[in-house]
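First the structure, in the form of structure tokens, and then the observations on it.
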Amino acid sequence: MASEFKSIPVIDISGLLFKCNDPNMIKDEGVWEVVKQLDKACKEAGFFYVKGHGIPDSLVKEVRDVTHKFFHLPYEEKVKIKMTAKTGFRGYQRVGENVTKGKPDMHEAIDCYREVKPGMYGSLGESLEGSNKWPENPSNFNSVMEEYISLITDLSRNIMKGIALALGGAPDEFGGERAGDPFWVMRLIGYPGVSDCSSLEMPENDIGCGAHTDYGLLTLVNQDDEISALQVRNCSGEWIWAVPIPGTFVCNIGDMLKIWSNGLYESTLHRVLNNSPKYRVSVAFFYEPNFDAVVKPLEFCKQKTGGMEKFEKAVYGDHLVSKVLTNFVT
């Protein structure tokens, strides 16, 4: 459960990544040093930065750059990839079309999901069937995002090996029927600066994204440097800034990991408040369970928390679809 943390820890995960494919990784002291830090961060804050992650800084920056370029296009150009139910809820949303707890969010976004082919998950996945709506401009948008998604998926999988060890399981605890075939979601989000917000024909609201927890396993956020906007709430109700640290991703755990850990790790409330005059981009990658995974407390986590299941089981795909439909405004 989140504590009265005042800052978010930074974890160098290079020691974990160096050994993550070694069958003897659990014998490595460097791995366990990272695991101990992950465990502390997940218990105390539910948020942490990772450095030493191995994804080139040039690609991380290019992802933000092409996102900026897209959002600076005229609305008539952006709406060519408009999100609708017919697109499987993929594509562009203008400012105010995403809703958190009944209030429009002051951001625009492109929503992307792992491709869902017709009939792939039966009725469970029907509403998300489709492939992503990549814009034609910038011309390298698609290639940049595909490369990034491949690398950040692998990174997320390896971080989850460390989290599995931190909980007391095997490195591949989140493989197989749990997350061996992981779903993923990516939101490319643009937050207007305060000077831009006043000119928008929107209800008064200074919240870029309202307070919420994330749906799945693990989120990795690639945010603009020099603009502090992401805030995380501690157990005393204080909002702690997740200030940008170049060369890092901000990571946080989601609702499905809370269930699997039986509450050893909690998904933490967070929000976005862009008080800067500058336009801010944030690219959030959500590493998820298998779409059809049945999520219930792991036995070894249950034994650490009194032997009782604290949460009802959930089917990840059901959970995701219900959230997508709730947050979407036609």
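None of the figures in this text is laboratory data; all of them are computed from the coordinates on show. These numbers come from a predicted model, not from an experiment. Neighbour counts are summed over all protein chains in view; Cβ atoms, including those assigned to glycine, are modelled from backbone coordinates with ideal geometry.
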Problem set entry | Cα gyration tensor shape of segment 276-330, rounded if a/c is under 1.5, else prolate or oblate by comparing a/b with b/c | prolate
Exercise. Across 10 Å bins from 0, what is the distribution of all Cα-Cα pair distances for the chain, in whole percents?
Worked result: 6, 26, 36, 24, 7, 1
Problem set entry | Neighbour-limited loop hits for trypsin sites (Lys or Arg not before Pro), segment 62-128 (at most 11 other Cβ within 10 Å; DSSP other than H, G, I, E, B) | LYS101
For this session: Could you pull the Rg and Dmax for segment 119-278, using just the Cα atoms, both in Å?
Result: 18.0, 53
For this session: Please give, to one decimal in nm, the separation of the simple spin-label points placed at LYS82 and THR305, each 7 Å out from Cα toward the Cβ.
Result: 4.3
